[in-house]
Amino acid sequence: MDTQALKGSWRQVAQSGDQVPLFFYSALFLMHPETRSLFPVSMAAQRDRLVNALGHVVSNVDRVNELVPFLQQLGRDHRKFSVVAQHYPAVGQALLATLEHFLGDLWTPALARDWTAAYGLVAQVMTEAAEESSATSPPWWEGEIILHEVRVPGIAVIRARLNYQYPFRPGQSASVSTALRPKLWRYYSIANAPRRDNTIDLHVRVVDGGTVSTALVHAAQRGDILKISAPVGDRLTLGSGPARELLLIAGGTGLAPLKSLVEQVAYEGPPRAVRLFVGARTSRELYDTEALAKLEADNPWLSVVPVVSRDAFYRGEHGYAVDVALKAWRDQDVYVCGSEEMVQGSVSRLLDAGVPPEHIRFDEFTTAGGREP
Ligand SMILES: Cc1cc2nc3c(=O)[nH]c(=O)nc-3n(C[C@H](O)[C@H](O)[C@H](O)COP(=O)(O)OP(=O)(O)OC[C@H]3O[C@@H](n4cnc5c(N)ncnc54)[C@H](O)[C@@H]3O)c2cc1C
Ligand code: HEM
Ligand code: HEM
């Protein structure tokens, strides 16, 4: 297989920008109308991830061995879109039609053979992983909202009770979809350690113009059913090594996965000192103060420090959470979660201050679903 030719031809096609997903979906839905219902009603070409990933992933097939775990996860993840093995040939066919259209004379039988083989390989890894996971878990869980609290303007805490046992590790996230915005899935971090009653808490902040976050905060209510996919992510999970002390730095709803870690230490141990710094722009955005105060009162090893960056009248700590946290850094493991900007800023401050990179764990609330392995 000539992988240089695959990469080169994809680079060529990608130059046509938004025309590529437009053509791809027209071809797919024309040749295989049964696939239309898998996709959201309104599809913005500039946000398309499937087509970008298709060309990109398939043309990097020479690295398929390193990427098997990533593709397996992607395959399992596609179960939530109701994708089944029979859909793969349809997408492969539309991909080839797209390549042929944009490459014109450059589209040769040899190139067609290589793309077909590369797509087949990627599809095989994805479908096998999906098939395997279907033996042990549903494509998604149904979670009935049993509590919906808009705690401060624009931030809600939502508790859902899942219909089957839902094993997850503190620090993980779940992809969530609401019937108010059908077929759109967004990741939200689970804000608690596993509970016997099979409930999970989500902390959702409205993003300006955000489709799903706005629906979850302003329209969802008790009794609604959310779709919740299998938990993902290991960036913020606690390691299994020695129980090192923790310094946790949250920005906004980045508190969610870090609170889950605090609960894990409280309920499962092993015991250790934990310092949690909760960053917000103004004190009005501190949405979980009461619950955190209770956790702190119940657990002598825990200290919780709210830090506010833009509120002259606030009586507590001022500035960025990372700067206040750094004053308390005594060789703990540091966990950071929040917006992309907050996380990148915090991590570079930590590194500048001499925190060893191997003691820093972080995750960002990006819009991206599929991530680089
Ligand atoms: C692993 C992971 C965990 C996450 N956990 C949480 C969580 O616990 N709580 C939470 O509130 N959010 C969390 N997010 C973010 C969440 O998945 C959505 O991206 C967010 O709710 C916006 O979705 P939307 O449909 O409302 O916005 P969209 O309709 O997708 O986007 C609307 C506009 O807002 C921009 N935008 C989208 N997301 C953000 C963002 N996070 N910050 C700034 N601008 C944005 C988009 O670029 C677009 O211009 C997490 C994201 C990831 C990847
Ligand atoms: C099998 C899976 C994947 C492989 C083998 C892979 C490989 C690579 C490689 C080698 C690069 C470096 C630049 C290049 O040579 O093109 C890269 C960059 C990048 N990848 Fe991936 N990737 C994979 C999946 C994905 C997915 C699923 C996405 C997004 C949904 C993605 C988005 C990106 C982006 C945005 C860049 C940087 C911009 C660019 O150079 O194109 N990748 N990837
Ligand atoms: C090699 C094969 C494939 C690759 C590499 C791939 C890759 C991706 C990626 C990276 C995403 C974005 C995920 C996210 O945002 O969470 C995605 C979304 C999606 N994929 Fe695939 N996919 C493949 C095959 C298929 C097939 C066969 C179907 C079925 C027709 C399909 C249907 C979808 C749907 C419905 C979405 C959601 C789209 C949206 O929300 O706009 N994919 N795919």
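The values are calculated or read from the model by the stated rules, or taken from the named source; none is laboratory data. Quantities reported herein were computed from a predicted structural model and do not represent experimental measurements. Here Cβ is always computed from backbone atoms with ideal geometry, including for glycine, and neighbour counts include all displayed protein chains. Areas reflect the complete protein model, heavy atoms only, side chains present, ligands, DNA and RNA absent. Shrake-Rupley method; radii C 1.70, N 1.55, O 1.52, S 1.80 Å.
Look at Val232 and say whether it is more than 20 Å from Ser260 (Cβ to Cβ), in contact with a strand residue (DSSP E or B) (Cβ under 9 Å, 6 or more places away or on another chain) and surrounded by fewer than 21 Cβ atoms within 10 Å (Cβ to Cβ).
So Val232 does not fit the description; no.
Could you tell me whether Leu96 is without any contact (Cβ under 8 Å) to a residue 24 or more places away in the chain, outside the structural domain of Ser173 (by TED's automatic domain parsing) and either open to solvent by 40 Å² or more (accessible area, probe 1.4 Å) or touching a Lys or Arg at 6+ places or on another chain (Cβ under 6 Å) (or both)?
Answer is yes for this residue.
Of the conditions (1) surrounded by 19 or more Cβ atoms within 10 Å (Cβ to Cβ); (2) touching a residue at least 60 places away in the same chain (Cβ under 8 Å), Arg49 clears all except one; give me its number.
If we test Arg49 against (1) surrounded by 19 or more Cβ atoms within 10 Å (Cβ to Cβ); (2) touching a residue at least 60 places away in the same chain (Cβ under 8 Å), just (1) comes out false.
Only one of these conditions is not met by Val61: (1) touching a residue at least 60 places away in the same chain (Cβ under 8 Å); (2) among the β-branched types (Val, Ile, Thr); (3) farther than 20 Å from Phe24 by Cβ. Which number is it?
The failed condition is (3).
Only one residue in Val68, Val58, Val91 is open to solvent by less than 30 Å² (accessible area, probe 1.4 Å), at pLDDT below 95 and of a type outside the set (Lys, Arg). Which one? Show your work before the answer.
Working: Val68 fails: open to solvent by less than 30 Å² (accessible area, probe 1.4 Å); Val91 fails: at pLDDT below 95.
Testing whether each residue is open to solvent by less than 30 Å² (accessible area, probe 1.4 Å), at pLDDT below 95 and of a type outside the set (Lys, Arg) leaves just Val58.
Of these, Arg205, Arg222, Arg235, Arg244, which one is charged (D, E, K, R) and free of Cβ contacts under 8 Å to residues at least 60 places away in the same chain? Don't jump to the end; show me each part of the working.
On the way: Arg222 fails: free of Cβ contacts under 8 Å to residues at least 60 places away in the same chain; Arg235 fails: free of Cβ contacts under 8 Å to residues at least 60 places away in the same chain; Arg244 fails: free of Cβ contacts under 8 Å to residues at least 60 places away in the same chain.
After applying the criteria, what remains is Arg205.
Scan the range 316-328 residue by residue and report those that are surrounded by fewer than 16 Cβ atoms within 10 Å (Cβ to Cβ) and more than 14 Å from Ala280 (Cβ to Cβ).
Answer for the range 316-328, where residues must be surrounded by fewer than 16 Cβ atoms within 10 Å (Cβ to Cβ) and more than 14 Å from Ala280 (Cβ to Cβ): Lys327, Ala328.
For the structure I just gave you, tell me whether Val20 is away from ligand 3 (no atom under 12 Å from the Cβ), within 30 Å of Thr178 (Cα to Cα) and either of a type outside the set (S, T, N, Q) or not assigned by TED's automatic domain parsing to the domain that holds Ser175 (or both).
When the stated conditions are applied, Val20 passes them.
So, in the range 207-223, how many residues would count as being more than 16 Å from ligand 3 (Cβ to nearest atom) and surrounded by 19 or more Cβ atoms within 10 Å (Cβ to Cβ)?
The total comes to 3.
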